[in-house]
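The values are calculated or read from the model by the stated rules, or taken from the named source; none is laboratory data. What you see is a predicted model, and the numbers here were worked out from it, not measured in a lab. All Cβ positions, even for glycine, are placed from backbone atoms using ideal geometry, and neighbour counts span all protein chains on display.
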Amino acid sequence: MIGKTLTQVAENLVVTIEYTLLVGKEILDSSEDEGPLEYLHGYSNIIPGLEKGLLGMKVGESKKVVVIPKDGYGELEKDALMDVPRNEFPDDFPIEEGVELEIMDDDDNIVLVTITEVGDETIKLDTNHPLAGKELNFEVKVTGVRKPTPEELDHGHVHMEGHSH
Ligand code: ZN
């Protein structure tokens, strides 16, 4: 197998994609703004539905991948509300309805939450991800596939240039 070129998305390979994410007709995210995305396939670096859709794609191939909530940011939960005392917010924090912020949950995971109600002493947060319950439409193009470095494979994620951890 010496000299075999990698031409297809498979487990344990670093994949480069160009993508556009649409919800309804609205473009929410695009590699045109942030540059192509590199990820390590098979390590949940990207949402499960997109990773599944990319498996087996060839370099140069484009495709539409529809991701249902279950394989994206989860179903919308009605009771995902949380009360936080106002004094736990930094003094200069803009406490307003609709503001999104990141908090640490009980398992030390960073969760994106939205302020839904501002009281005098208590702030109500919705812990649903803003994209929970939404069908995600990705337009993706695979632009490259390479072998990870041993360190990347060991860490389970891609190391960008000038960045390692
Ligand atoms: Zn690392």
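With LEU50, LEU22 as the choices, which residue is within 14 Å of the chain's Cα centre (by Cα), within 22 Å of MET160 (Cα to Cα) and either modelled with pLDDT under 95 or of a type outside the set (Phe, Trp, Tyr) (or both)? Spell out how you get there, then give the answer.
On the way: LEU22 fails: within 22 Å of MET160 (Cα to Cα).
Of LEU50, LEU22, the one residue that is within 14 Å of the chain's Cα centre (by Cα), within 22 Å of MET160 (Cα to Cα) and either modelled with pLDDT under 95 or of a type outside the set (Phe, Trp, Tyr) (or both) is LEU50.
Quick test of your reading of the structure: ILE103 fulfils all but one of (1) away from the ligand (no atom under 16 Å from the Cβ); (2) closer than 28 Å to GLU32 by Cβ; (3) at pLDDT below 95. Name the failing condition by number.
Failing condition for ILE103: (2).
Quick one: which residue in GLY56, GLY24, GLY98, GLY60 is closer than 19 Å to PHE138 by Cβ, of a type in the set (Gly, Ala, Ser), loosely packed, with under 14 Cβ neighbours inside 10 Å and without any contact (Cβ under 8 Å) to a residue 40 or more places away in the chain? Break it down into steps so the answer makes sense when it comes.
Working: GLY56 fails: without any contact (Cβ under 8 Å) to a residue 40 or more places away in the chain; GLY98 fails: closer than 19 Å to PHE138 by Cβ; GLY60 fails: without any contact (Cβ under 8 Å) to a residue 40 or more places away in the chain.
GLY24 is the lone residue from the list that is closer than 19 Å to PHE138 by Cβ, of a type in the set (Gly, Ala, Ser), loosely packed, with under 14 Cβ neighbours inside 10 Å and without any contact (Cβ under 8 Å) to a residue 40 or more places away in the chain.
Can you say whether GLU100 is within 15 Å of the chain's Cα centre (by Cα), among the acidic types (Asp, Glu) and closer than 30 Å to GLY53 by Cα, as far as the supplied structure shows? Full working, then the answer.
Numbers: within 15 Å of the chain's Cα centre (by Cα): no; among the acidic types (Asp, Glu): yes; closer than 30 Å to GLY53 by Cα: yes.
Taking the combined requirement at face value, the residue does not satisfy it.
Which of (1) under 20 Å from GLU18 (Cα atoms); (2) more than 16 Å from the ligand (Cβ to nearest atom); (3) under 19 Å from the mean Cα position of the chain (by Cα) is the odd one out, the single condition GLY133 does not satisfy?
Condition (1) is where GLY133 drops out.
Can you find even one residue in region 16-34 that is out of contact with any strand residue (DSSP E or B) (no Cβ under 7 Å at 6 or more places or on another chain), closer than 28 Å to GLU75 by Cα and among the aromatic types (Phe, Trp, Tyr)?
no
Considering each of LEU153, LEU112, LEU76 in turn, give the residue that is surrounded by 12 or more Cβ atoms within 10 Å (Cβ to Cβ), within 16 Å of the ligand (Cβ to nearest atom) and of a type in the set (A, V, I, L, M).
Values: LEU112 fails: within 16 Å of the ligand (Cβ to nearest atom); LEU76 fails: within 16 Å of the ligand (Cβ to nearest atom).
Just one listed residue meets the conditions, LEU153.
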